[in-house]
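K.L.:
Let me give you the structure first, and then I'll get to my questions.
Every number here is computed from the coordinates shown, using simple stated rules; none is lab data. These numbers come from a predicted model, not from an experiment. A quick note on method: Cβ atoms are made from the backbone with ideal geometry, for glycine too, and the neighbour counts reach across all protein chains shown.
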Amino acid sequence: MNPPQETGTHHDIGWTPIAEEAERAARVLHPEEHQLPRPTHRRVLTVANQKGGVGKTTSAVNLAAGLALHGLRTLVIDLDPQGNASTALNVDHHSGTPSVYEILLGEVSLVEAAQVSEQSPNLLCVPATIDLAGSEIELVSMASRESRLKESLSQEALQELDVDYVFIDCPPSLGLLTVNAMVAAHEVLIPIQCEYYALEGLGQLLNNIDLVQKHLNRTLVVSTILLTMYDGRTKLADQVTQEVRNHFGDVVLKTVIPRSVKVSEAPGYGQTVLAYDPGSRGSMSYLDAAREVAERGAASREQQ
Ligand code: ATP
Ligand code: MG
């Protein structure tokens, strides 16, 4: 027997337990009644992949929204001059707004730059403005250029913001901004698109993570891999999924994010998909992924 198709044309009850679906929908529609467990320690995750358009920003903002809607205080740091995470969370990011750029320059604190997203009072965002565009070059001549973000992410600042989770959304490069993110975090979350060429460049990313581990941040680990933009109609998507699972094992979340128009429409409305269309497959998948992230965080005994 074949597993059900992502398109939902398969109505075999054995494969689609209605009770499970109903419970899943209830979690989406009444998030306040379905709190996620708090992590054993504050988790800082860098969302990185130098390949462009693989779902870094989409995953950062929707995982963050999933955690926040279920009671966990979450901060998204937009570290990409494109400012896509700021757009998706609908926070002010016109040039001159206190942003991650001023944080890197040491001109404002994390607390001063953090804004509350209208999606949830538990969801904060440090925006990126276009001012960040020249920073890769500006950083080169600065003192402690690799650890400027880390310095601002002090325990005191994170305590003051009272956050359980921090997601740092990286630009599609392995330059100094991404290095700053890797030095500031304990964990790397790599989104991988279920498409051809998806694994190309992954070796280079892992090498860079190794280098950061050796020289700048000994505790950094690749803790989470999320498969995105899965298209159940293609064999290729399954092949990529299988290859990634064979290679990375349990690091890969069980939840796979399907390709879904709703996911790509949401940022156009300054919303996460969870707010834009809570009952959609994309929203439910990100919620499932957020649940997995939270359950791992609650089970982990690792100290920060
Ligand atoms: P960049 O490298 O430019 O920062 P990125 O890795 O952050 O890109 P996203 O911006 O999250 O990638 O996604 C790339 C594009 O794909 C966006 O237009 C986004 O809306 C769309 N997209 C992301 N995930 C999905 C999905 N599951 N289904 C359909 N479209 C998606
Ligand atoms: Mg992005």
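K.L.:
Could you calculate the contour length gain from residue 242 to residue 24, that is, 0.36 nm times the residue separation minus the distance between their Cα atoms, to one decimal place in nm? Present the calculation step by step, with values, prior to reporting the outcome.
P.N.:
Numbers: separation 218, 0.36 × 218 = 78.48 nm, distance 2.55 nm.
Contour length minus the Cα-Cα distance gives 75.9 nm.
K.L.:
Further question: Below 8 Å, C-alpha to C-alpha, sequence gap of six or more: please give me the relative contact order for the stretch 213-304 in percent.
P.N.:
On the way: 82 pairs, mean separation 22.0, N = 92.
Answer for the stretch 213-304 is 24 percent.
K.L.:
When every alpha-carbon pair in the stretch 114-233 is counted, what percent end up more than 17 Å apart? Please list the in-between numbers first.
P.N.:
Details: 4560 of 7140 pairs.
Everything past 17 Å amounts to 64 percent.
K.L.:
Further question: Projecting each Cα onto the charge dipole of the stretch 43-298 (Lys/Arg +1, Asp/Glu -1 at the beta carbon, about the Cα centre), which of 285, 188, 157 comes out farthest on the positive side?
P.N.:
The residue sitting most towards the positive pole is 285.
K.L.:
Let me ask you something else. Hey, what D do you get for the stretch 43-298 in µm²/s if you plug the Kirkwood alpha-carbon radius into Stokes-Einstein at 10 °C and 1.306 mPa s? Walk me through the intermediate numbers first.
P.N.:
Values: Rh = 18.0 Å.
Translational diffusion coefficient: 88 µm²/s.
K.L.:
Using label points projected 7 Å from each Cα along Cα→Cβ, tell me how many nm separate residue 210 and residue 254, to one decimal.
P.N.:
For residue 210 paired with residue 254, the spin-label model returns 3.2 nm.
K.L.:
In cubic angstrom, how much convex hull volume per residue do the alpha carbon atoms of the stretch 260-303 span? Working shown, then result.
P.N.:
Working: hull volume 3.4 nm³, N = 44.
Convex hull volume per residue, Cα atoms: 78 Å³.
K.L.:
While we're here: Just how large is the dipole of the stretch 146-210 about the Cα centre, in debye to the nearest 20, putting +1 at every Lys and Arg Cβ and -1 at every Asp and Glu Cβ?
P.N.:
220 debye
K.L.:
Once both axes come from the Cα atoms, what is the angle between helix 235-248 and the longest principal axis of the chain, in degrees from 0 to 90, rounded to 10?
P.N.:
So the helix axis and the longest Cα principal axis differ by about 60 degrees.
K.L.:
Moving to a separate point now. Which value in deg cm²/dmol, rounded to the nearest 500, describes the helix-derived mean residue ellipticity at 222 nm for the chain, given -39,500 (n - 2.57) per DSSP H run of n ≥ 4 and division by the residue count? Could the numbers behind the result be given before it?
P.N.:
Working: 14 runs with 124 residues, N = 304.
Mean residue ellipticity, 222 nm, calculated: -11500 deg cm²/dmol.
K.L.:
Follow-up. Give the relative contact order (percent, whole number) for the chain; include only Cα pairs under 8 Å separated by 6+ residues. Write down the numbers at each step before the final one.
P.N.:
Numbers: 601 pairs, mean separation 79.0, N = 304.
Rounded, it is 26 percent for the chain.
K.L.:
For the residue pair residue 41 and residue 130, what label-to-label distance in nm results when each label sits 7 Å from Cα along the Cα-to-beta-carbon direction?
P.N.:
The modelled label-to-label distance comes out at 4.2 nm.
K.L.:
Cross-link candidates for residue 262: which lysines have Cα within less than 21 Å, leaving aside residues fewer than 8 places away along the same chain?
P.N.:
56
K.L.:
Measure nothing but the geometry: give the 0 to 90° angle between the long axis through the Cα atoms of 18-29 and the longest principal axis through the Cα atoms of the chain, rounded to 10°.
P.N.:
Value to nearest ten degrees: 30.
K.L.:
I've got another one for you. Can you work out the Karplus-derived ³J(HN,Hα) for every residue in the stretch 85-93? Use 6.51 cos²θ - 1.76 cosθ + 1.60 with θ = phi - 60°, whole Hz, and x for glycine or proline.
P.N.:
After applying 6.51 cos²θ - 1.76 cosθ + 1.60, I find 5, 5, 5, 4, 9, 6, 9, 4, 8 Hz.
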